[in-house]
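Beneath this line is the structure, given in structure tokens, with notes to follow.
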Amino acid sequence: MNERNGTEPLLRVEKLTKRYERQGRLWRGESVLALDCVSLAIRAGTTLALVGESGSGKSTLALCLALLERPTSGGIWFKERDLTALGDREQRGIRGQVQMIFQDPAAALNPRWSVAEIVREPLVVQGQGSRREREDRAIAVLKQAGLAAELATRRPGELSGGQRQRVAIARALVLAPKLLILDEVLSALDCSVQAQIVNLLLELQRSLGLTYLFITHDLAMAAHVGDEIAVLERGRLVEQGAVEQIMQKPQHQATRNLLGSTPRMIASGALKQEL
């Protein structure tokens, strides 16, 4: 566990399990185990990079932590409050503090709405502020995300992929969250834009004191962004530790496989120099 500060974890997950019931007559009574007793913790102001191959359960874990899926069993504690014990109304109040940013901004943003409408929407849903206050807050977070105020009247289809991801970041920031869950937020972007978004995320973390769960299949990027790395395989957390430990002395075969597919020049630190 990272010891950057000595406070209790902002987020703590214990023995989280998620089963999905198979649909259809042939599968009646059968289920798929997507998460199997996952336990982890993230301290405030730090980044836990969660890595694993496709189908390892990363996105399922993200959805459970963002309160978009209910786990089958286990606990999720946010600031020492068990979220799994809350009703829908109480969970709605917590969602402002735990925001999720998805992989594909084009699919996550309403194509009919302007950028300003998209960014303001969480404030409307939460019933926060007057119309003018919501407008002012939207412009402020767009600037924090590196977008000019002039883009507020445009629609997502008029923006580049990097700009759309910045809009998604601004929308997540508008409620002043404590935790951002970043689910493969770089994978739909080209390399140069990835570097820009990573630098933005690191600067926002420094300036706002944000805590990140950074989900990726890219171990090199996890090593650059994370304070710690956790490795998922087939729904189970098989390894977790400091970046140096994971990159230099991996203990599990799943981690060694991921490391083996990482280009040597990137694994050795060239990525950090580029970014």
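Quick look at the numbers
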{"quantity": "Meets criteria (assigned to a helix (DSSP H, G or I), touching a residue at least 24 places away in the same chain (Cβ under 8 Å) and over 25 Å from ARG70 (Cβ atoms)) for ARG120", "calculated": "yes"}
{"quantity": "Residues satisfying the stated conditions in the range 38-77, i.e. within 27 Å of HIS224 (Cα to Cα) and part of a loop (DSSP other than H, G, I, E, B)", "calculated": "ALA44, GLY45, THR46, GLY52, GLU53, SER54, GLY55, SER56, GLY57, ALA66"}
{"quantity": "Subset of the range 161-180 (residues that are crowded, with 23+ Cβ neighbours inside 10 Å, over 16 Å from ALA107 (Cα atoms) and under 13 Å from the mean Cα position of the chain (by Cα))", "calculated": "LEU173, LEU180"}
{"quantity": "All positions within the range 1-17 that are farther than 12 Å from ILE42 by Cβ and at pLDDT 75 or above", "calculated": "GLU14, LYS15, LEU16, THR17"}
{"quantity": "Cross-chain or 6+ apart pairs with Cβ under 6 Å, the range 94-113 first and closer than 18 Å to LEU61 by Cβ, then in a strand (DSSP E or B)", "calculated": "VAL98/LEU179; GLN99/LEU180; MET100/ILE181; ILE101/LEU182; PHE102/ASP183; GLN103/ASP183"}
{"quantity": "Which listed residue, of GLU184, GLU203, is closer than 27 Å to LYS79 by Cα and loosely packed, with under 15 Cβ neighbours inside 10 Å", "calculated": "GLU203"}
{"quantity": "Filtered residue count, the range 197-215, keeping only those that are touching a Leu at 6+ places or on another chain (Cβ under 8 Å) and either among the hydrophobic types (A, V, I, L, M, F, W, C) or modelled with pLDDT under 95 (or both)", "calculated": "9"}
{"quantity": "Of all residues in the range 42-55 being within 20 Å of LYS79 (Cα to Cα) and out of contact with any Phe, Trp or Tyr (no Cβ under 9 Å at 6 or more places or on another chain), the one that is surrounded by the fewest Cβ atoms within 10 Å (Cβ to Cβ)", "calculated": "ALA44"}
{"quantity": "The lone exception for GLN103 - which of (1) at pLDDT below 90; (2) assigned to a strand (DSSP E or B) it fails", "calculated": "(2)"}
{"quantity": "Selection within the range 181-206 - without any contact (Cβ under 8 Å) to a residue 24 or more places away in the chain and under 14 Å from the mean Cα position of the chain (by Cα)", "calculated": "LEU202"}
{"quantity": "Enumeration of residues in the range 86-100 that are within 21 Å of the chain's Cα centre (by Cα) and part of a helix (DSSP H, G or I)", "calculated": "GLN91, ARG92, GLY93, ILE94, ARG95"}
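The values are calculated or read from the model by the stated rules, or taken from the named source; none is laboratory data. Note that this is a predicted model, so its numbers are computed, not measured. All Cβ positions, glycine included, derive from the backbone under ideal geometry; neighbour counts span all protein chains shown.
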